[in-house]
1. In the chain, what percent of the accessible surface is made up of carbon and sulfur (1.4 Å probe, ligands and nucleic acids excluded)?
2. Sort ASP72, ASP81 by heavy-atom solvent-accessible area, probe 1.4 angstrom, most to least.
3. With springs connecting C-alpha atoms under 10 Å apart, model the chain as a Gaussian network and identify which of PHE41, PHE69, PHE53 has the largest mean-square fluctuation.
4. Between rounded, prolate and oblate, where does region 22-62 land on the alpha carbon gyration tensor, with a ≥ b ≥ c its root eigenvalues, rounded for a/c under 1.5, else prolate if a/b exceeds b/c?
5. Can you give the helix-only mean residue ellipticity at 222 nm for the chain, where every DSSP H stretch with n ≥ 4 adds -39500 (n - 2.57) and the sum goes over all residues, rounded to the nearest 500 deg cm²/dmol?
6. Looking only at GLU18, GLU42, GLU63, which one moves most when the chain is put into a Gaussian network model with springs between Cα atoms under 10 Å?
7. Between LYS17 and GLU42, what is the label-to-label distance in nm when each label sits 7 Å out along the Cα-to-Cβ direction?
8. With every protein chain left in place, what is the accessible area per residue of region 12-97 in square angstrom, probe 1.4 Å?
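The values are calculated or read from the model by the stated rules, or taken from the named source; none is laboratory data. None of these values were measured; they are calculated from a predicted model. Positions of Cβ are backbone-derived with ideal geometry, glycine not excepted, and every protein chain shown enters the neighbour counts. For the accessible areas, the whole protein counts, side chains as well, though only heavy atoms, and no ligand, DNA or RNA atoms are used. Shrake-Rupley method; radii C 1.70, N 1.55, O 1.52, S 1.80 Å.
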Amino acid sequence: MMSFCISAGIELTDPTKESLARKEMAKLVAETVKEPGCLKFEIRQNLENPSLFTLWEIWQTAEDLDRHFQYDHTKAYLAQDLTRVKYVEKLSLLAGA
């Protein structure tokens, strides 16, 4: 089965709320990795610009990712408006990799 991979760039909506955003992102990760179909969900902070983050996600299917946005923990995080999406890339493994 082919997994569904995502790389997404997000940025803080208010750089003065970095500490709160980091705390809330950690809670989001802790809950998201428990979701059915979630194979990987990581958020990494940019070392050169701490207002920028990259999400690495691997889902069993695109439907699993769609379902992710219906969970209370995802809705609660998004409702806080701590970050905004800069880009989303849908990815696959290289042939033979």
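1. Working: 3540 of 6400 Å².
So the carbon and sulfur contribution to the accessible surface is 55 percent.
2. Most to least solvent-accessible, the answer reads ASP72, ASP81.
3. PHE69
4. Taking the square roots of the gyration eigenvalues as a ≥ b ≥ c, region 22-62 is oblate.
5. Numbers: 3 runs with 30 residues, N = 97.
Calculated from helices alone, the mean residue ellipticity at 222 nm is -9000 deg cm²/dmol.
6. Looking only at GLU18, GLU42, GLU63, the largest GNM fluctuation is found for GLU63.
7. Calculated label separation equals 2.7 nm.
8. Details: 5860 Å² over 86 residues.
Roughly 68 Å² per residue, with all protein chains present.
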